[in-house]
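Asker: I have a structure I would like to understand better, so I am pasting it below and will then ask my questions one at a time.
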Amino acid sequence: MSCPVDDAGVASADWASLEQTLSGTVRRTGAVAAGVYLLPPGEPVLGLTALCGLPTRTVAPWWRVAVSAAGPLSEAVREDRLVWVGRQEDMARLYPNAAAGLPYQFALAFAPLHGARRWGALALMWPQSHPPSLTRRERGHILSTANRITRLLDRSPTAWSIPAEPRAVPVLGYGRDPARTGLAADDLLQRLPVGALGFDLQGRITYLNDAAARLLGRSADSLLGTLPWQAVPWLDAPVHEDHYRAALFGREPVGYTAPGPDDRWFDIRLYPGDSGITAFLSPSLRKPSADAPPPRVTTAPDPSPQAPDTGRIHQLLHLAAALSQTVTVADVVDTVADQILPAFEAQGMVVSAADAGRLKIIGHRGYDPRTIARLNGLPLDTDVTPVGRVLRSGVPAFYADPADMTATHPRAPALSGKQAWAFLPLMVSERRVGCCILSYDHPHPFGASDRAVLVSLAGLIAQAMDRALLYDAKHDLAHGLQQALLPAALPTFPRLDVTARYLPASRGVDIGGDFYDLIRLGDTAAAAVIGDVQGHNIKAAALMGQVRTAVRATAGAGPGEVLARVNRVLMDLETDLFVSCLYVHIDLAEGRLLLASAGHPPPLLYSPGSAPRAVALRVEPGPLLGVHACTEADYPRTTAPLPPGALLALYTDGLVESPDTDITDSIAALTRQLARSAALPLDDLADGLLHHAGLRHTRTDDTALLLLRGH
């Protein structure tokens, strides 16, 4: 018999197990909330899949988090370890960008979910009353819960996918059954002269007495089940939702005075608990004076119902922090899509830029590629879409439904099938950078607050996009130069199999000077060389080409003499960059290696046979190339045997260097990986070594790899 599944294709039994685990964890650990972030295979973004203990809308800015982001969640997944942040001060010190969007006092823990694959992470939150450190018992509870969820994900027969909105999981075992609530308690609350309201964890009103209904100016029936800042006009101000969030996250009482209708002021007190929040509302005896002490959390802003809600304000802060870390155009597009689409409930996004009189689409999300192909390259003065007009005028345009769009651009709705659009010009100092388009699958009205926040967001996006376009242009130039200077193809030998890989650094790092080469010295002899020019810029890439040319010009001499001559060439060039280099003379007839090193990581040699093993060859190093004090530098020669069928691996430090790991340990780990995988085809082995290094640390440097296997 088949198991029922939900809309995401996940078995109902699996969802039930996950919900029970999260709810039990909240009760057992005393946490405020627990959530599960999943990482789809091959995707760079974690998605919040289930959340227990908090309203899902309050965490909308964090529904999607990039694995590469500088934050505790991403760090837990990347480094495969439990990450604990005990105080808000620690968050601001360790993760300032993440702290910008989290102005509340609480403690956080993130545990990786790593089983059959990297599934994601478990997130837990405690109130500020929690001690700044985890106890051993708490750490054990967190890790055991993470292991239990990992086993559930591993054995689930269906594929888990990230929903459009996180699944809200109730906290079981708290509170009383409303049907059994005593009449005495209701009578007590009705006798109170102040307004009393009860809220569930989603912020909905579950109870209010007659005094509360009278002060709010609405009937009890019309308020039950609603969010107060949506049901009562004068409560639709950021101050109220912000105080509610502070009480919900911090789990401490919050009191403040806020303006109401008819120039009246109200005292509001919020008392949080595990199942919701109790609020007391009463008229204030006096209006706060200008020199009165500030409210506990924040001062009251303009109470206009058109003011942006606090969730959007946090979204603005969160996006500003995230955009400060973007480097490339792809970074900006991904960040905007991951942050803005869920916050504004949009389903599609297109980012266009003006290029040689035409509209060039530089990023998109939620569109059919065929639609993008039709829209890409349209002239700037096109009347098919409003993009050209928005770019020329710098004035945003909003279309709530197809009828609005058809009135000015009748062909636009049929192009994509979307039903509502927001066209936001990206401008920097009156200069048009591009246009960001948000689209909806259904008609969508744009209120004044939505328009105000979107226009503000467009300014942030424009600044980041302008920087990214400049970076990409510079990076493409340098990367093209480097690729042109690397060998287009390696020579073939009847008794030698060869493969090579070059891997650029992770996003955010400029171009580098890593290089490799294989030079034919005869039918049974070859020279293999690998090196790394100091720096990550065009200058480093250009010097790399000069070094490679100098090595080729002197190849065939002794290894030490080759490096000495190259060093003298660099002295003549008067460069201020240093170069590490390893030169290997391979004698296939004699079965031996002659090596010389200029401060380069040692090569790895795998020897097959009855006792196969892989070792890092001990090569006595000479000074780096280009050191001015070493004009007549000496580069000692090292001799090593080359057994039949042996495998030689040359690499640059990008494959083994990590800020938090000793390079000796990294080389030892790479040697063990080489021994385990030596029987693979050479191309598969090269990819496997790169993958192994990528799992161990985030690449901050270029990587070159040259593998040679004798017959």
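The values are calculated or read from the model by the stated rules, or taken from the named source; none is laboratory data. Quick caveat: nothing in here was measured; it's all calculated off a predicted structure. Cβ placement follows ideal geometry from the backbone for every residue including glycine, while neighbour counts extend to all protein chains displayed. For accessibility, only protein heavy atoms count, side chains too; no ligands or nucleic acids. Shrake-Rupley method; radii C 1.70, N 1.55, O 1.52, S 1.80 Å.
Asker: Mind counting the residues in the range 379-406 that are surrounded by fewer than 20 Cβ atoms within 10 Å (Cβ to Cβ), over 19 Å from residue 442 (Cβ atoms) and small (Gly, Ala, Ser)?
Answerer: 2
Asker: Checking the condition in contact (Cβ under 8 Å) with a residue 60 or more places away in the chain and over 18 Å from residue 322 (Cα atoms), which residue from 50, 98, 69 passes?
Answerer: That would be 50, the only listed residue that is in contact (Cβ under 8 Å) with a residue 60 or more places away in the chain and over 18 Å from residue 322 (Cα atoms).
Asker: Is there any pair with a first residue in the range 367-382 that is within 15 Å of residue 348 (Cα to Cα) and a second that is among the aliphatic types (A, V, I, L, M) whose Cβ atoms are under 7 Å apart and which are 6 or more apart or on different chains, and what are they?
Answerer: Filtered contacts from the range 367-382: 367/350; 371/415; 372/361; 375/361; 375/415.
Asker: With on the phi > 0 side of the Ramachandran plot, open to solvent by less than 60 Å² (accessible area, probe 1.4 Å), of a type outside the set (D, E, K, R) and modelled with pLDDT under 90 as the only criterion, which of 556, 545 stands out?
Answerer: 556
Asker: For the range 232-283, which residues satisfy the criterion of being under 29 Å from residue 34 (Cβ atoms) and of a type in the set (Gly, Ala, Ser)?
Answerer: 246, 247, 250, 255, 273, 275, 276, 279
Asker: Cβ-Cβ below 9 Å, separation at least six or inter-chain, first residue in the range 120-132 and at positive phi, second in a strand (DSSP E or B) and among the polar types (S, T, N, Q): which pairs?
Answerer: 120/49
Asker: Hey, residue 671 hits all of (1) closer than 15 Å to residue 614 by Cβ; (2) among the β-branched types (Val, Ile, Thr); (3) open to solvent by less than 10 Å² (accessible area, probe 1.4 Å) but one; which does it fall short on?
Answerer: (3)
Asker: When you go through 441, 450, 514 one by one, which is the residue that is modelled with pLDDT under 85 and acidic (Asp, Glu)?
Answerer: 450
Asker: Please find, within the range 589-600, the residue that is surrounded by the fewest Cβ atoms within 10 Å (Cβ to Cβ) out of those that are among the hydrophobic types (A, V, I, L, M, F, W, C) and at pLDDT 90 or above.
Answerer: Filtering the range 589-600 for residues that are among the hydrophobic types (A, V, I, L, M, F, W, C) and at pLDDT 90 or above, the one surrounded by the fewest Cβ atoms within 10 Å (Cβ to Cβ) comes out as 594.
Asker: Just wondering, is there one or more residues in the range 133-152 that are modelled with pLDDT under 90, surrounded by 19 or more Cβ atoms within 10 Å (Cβ to Cβ), not aliphatic (A, V, I, L, M) and not in a helix (DSSP H, G or I)?
Answerer: Checking the range 133-152: not a single residue is modelled with pLDDT under 90, surrounded by 19 or more Cβ atoms within 10 Å (Cβ to Cβ), not aliphatic (A, V, I, L, M) and not in a helix (DSSP H, G or I).
Asker: To continue, here is another question. Look through the range 202-214, keep the residues that are surrounded by 21 or more Cβ atoms within 10 Å (Cβ to Cβ) and over 17 Å from residue 267 (Cα atoms), and return whichever of them is farthest from the chain's Cα centre (by Cα).
Answerer: 205
Asker: Pick from the range 153-175 the residues that are assigned to a helix (DSSP H, G or I) and open to solvent by less than 70 Å² (accessible area, probe 1.4 Å): which of them is farthest from residue 21 (Cα to Cα)?
Answerer: Step by step, filter the range 153-175, then rank; the result is 154.
Asker: Show the residue pairs meeting these rules: Cβ distance below 8 Å; 6+ apart or different chains; first residue within the range 144-158 and of a type in the set (Gly, Ala, Ser); second residue assigned to a loop (DSSP other than H, G, I, E, B) and open to solvent by less than 20 Å² (accessible area, probe 1.4 Å).
Answerer: Here the result reads 156/10, each pair linking the range 144-158 to a residue that is assigned to a loop (DSSP other than H, G, I, E, B) and open to solvent by less than 20 Å² (accessible area, probe 1.4 Å).
Asker: Could you tell me which of the residues 532, 497, 523 is open to solvent by less than 40 Å² (accessible area, probe 1.4 Å), among the charged types (D, E, K, R), within 22 Å of residue 649 (Cα to Cα) and modelled with pLDDT of 80 or more?
Answerer: Answer to the selection: 532.
Asker: Restricting to the range 608-633, count the residues that are in a strand (DSSP E or B), open to solvent by less than 30 Å² (accessible area, probe 1.4 Å) and either closer than 19 Å to residue 671 by Cα or β-branched (Val, Ile, Thr) (or both).
Answerer: So the answer is 1.
Asker: Taking into account only those residues within the range 413-469 that are among the charged types (D, E, K, R), within 17 Å of residue 341 (Cα to Cα) and not in a loop (DSSP other than H, G, I, E, B), which is least open to solvent (accessible area, probe 1.4 Å)?
Answerer: In this case the residue turns out to be 450.
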